[in-house]
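K.L.:
Quick one: the structure is below, questions incoming.
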Amino acid sequence: MDNLPPASLPTTFELSNGQTSTIRSIRPSDASLLVEMFQHLSERTKRMRFHAFTGNLPQERIWRQALALSDLDPEREVALVAVHADDAGEHIVGVARFVRATADAVEAEAAVVVRDDYQRMGLGSHLLSLLLPLAQSMGIQRLFGWIMAENRHMMQIIKKTDLPVHRENHSGEMFVVISLPS
């Protein structure tokens, strides 16, 4: 696990195809980039991440959610984005986040999503590896999440952390808890 202390952001990550992405904390001004990323996710990736069909969501709802997801409460939430820059500008190609119910909660729900054209290049694993020390620095002891049972790739990413993992199967979904070192 290639953990960096929180002060090490932003940082650059080289994907397995040789391209680079900048990893940084999300900003409120990133809402439009989140909308663009969502539009570039396949229906399968959307279903794996959101556990629902998202094909007919109104643009207003997508924008409202992007605004909420980009403007965080720093006592409870952290989100990292992988940004790729090209001639057309900046594009978010991956997001890793966690949120806890209260500022002193020791458990937080976590999620990772990577745009389809950037999947299987090490980005999801890297984003999760950066998220873990941030959670620890905030006193979080466990990260949890619901994962579609068929999402083997996400389970491989979690396995790469080499941390204790508890899984429970529930009707096609797995409830996964990662225990962080003290």
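K.L.:
What is the order of D71, D86, fewest Cβ neighbours within 10 Å to most? Don't skip to the answer; put the middle values down first.
P.N.:
Values: D71 14, D86 8.
Fewest-to-most ranking of D71, D86: D86, D71.
K.L.:
Something else about it: Quick one: what are the phi-derived ³J(HN,Hα) couplings along region 116-127, Karplus 6.51/-1.76/1.60 with θ = phi - 60°, whole Hz, x for glycine and proline?
P.N.:
3, 6, 10, 6, 6, 10, x, 5, x, 4, 5, 4
K.L.:
Hey, another quick one. How charged is the neighbourhood of F50? Take every other residue with its Cβ under 15 Å from the Cβ of F50, and add Lys/Arg as +1 and Asp/Glu as -1.
P.N.:
+3
K.L.:
Label-point separation (nm) for Q39 and Q59, each offset 7 Å from Cα along Cα-to-Cβ?
P.N.:
In this crude label model, Q39 to Q59 measures out at 0.8 nm.
K.L.:
Considering the values (i) 139; (ii) 120; (iii) 108, which represents volume of the Cα convex hull per residue in Å³ as calculated for the structure under consideration?
P.N.:
Step by step, volume of the Cα convex hull per residue in Å³ for this structure corresponds to label (ii).
K.L.:
Tell me the mean residue ellipticity at 222 nm calculated for the chain from its helices only (DSSP H runs of n ≥ 4, each -39500 (n - 2.57), averaged over every residue, nearest 500). Intermediate results must be reported in sequence, preceding the final value.
P.N.:
On the way: 5 runs with 52 residues, N = 182.
Dividing the helical sum by the residues of the chain leaves -8500 deg cm²/dmol.
K.L.:
With an 8 Å Cα cut-off and a minimum separation of 6 or more residues, compute the relative contact order for the chain in percent. Let's see the in-between values first.
P.N.:
Working: 312 pairs, mean separation 37.9, N = 182.
Dividing the mean separation by the residue count of the chain yields 21 percent.
K.L.:
Given points 7 Å out from each Cα along the Cα-Cβ axis, report the F175 to D73 separation in nanometres with one decimal.
P.N.:
About 2.2 nm, to one decimal.
K.L.:
Through the Karplus equation 6.51 cos²θ - 1.76 cosθ + 1.60, θ set to phi - 60°, convert the phi angles of region 85-95 into ³J(HN,Hα) values in whole Hz; use x for Gly and Pro.
P.N.:
Computed from phi, the couplings for region 85-95 are 10, 9, 4, 8, x, 9, 9, 7, 10, x, 9 Hz.
K.L.:
Provide the packing ranking of 112-122, 163-173, i.e. peptides ordered by the mean count of other C-beta atoms within 10 Å per residue, highest first. The partial results should precede the final answer.
P.N.:
On the way: 112-122: 18.6, 163-173: 10.9.
Final packing ranking: 112-122, 163-173.
K.L.:
Shifting gears a bit: Which one of P164, V78, Q19 has its Cα pushed farthest toward the positive end of the charge dipole of the chain, where Lys and Arg give +1 and Asp and Glu give -1 at the Cβ?
P.N.:
Comparing the listed Cα positions along the dipole, P164 ranks first.
K.L.:
Could you work out which residue, out of S70, S21, S42, moves most in a Gaussian network model of the chain, that is, has the largest mean-square fluctuation with Cα springs under 10 Å?
P.N.:
In the Gaussian network model the winner is S42.
K.L.:
How many nm is it between the label spots at H153 and V106, if each spot is 7 Å from the Cα in line with the beta carbon?
P.N.:
3.5
Each value in this text was obtained by applying a stated rule to the coordinates, not by laboratory testing. Remember, predicted model here, so these are calculated numbers, not experimental data. Positions of Cβ are backbone-derived with ideal geometry, glycine not excepted, and every protein chain shown enters the neighbour counts.
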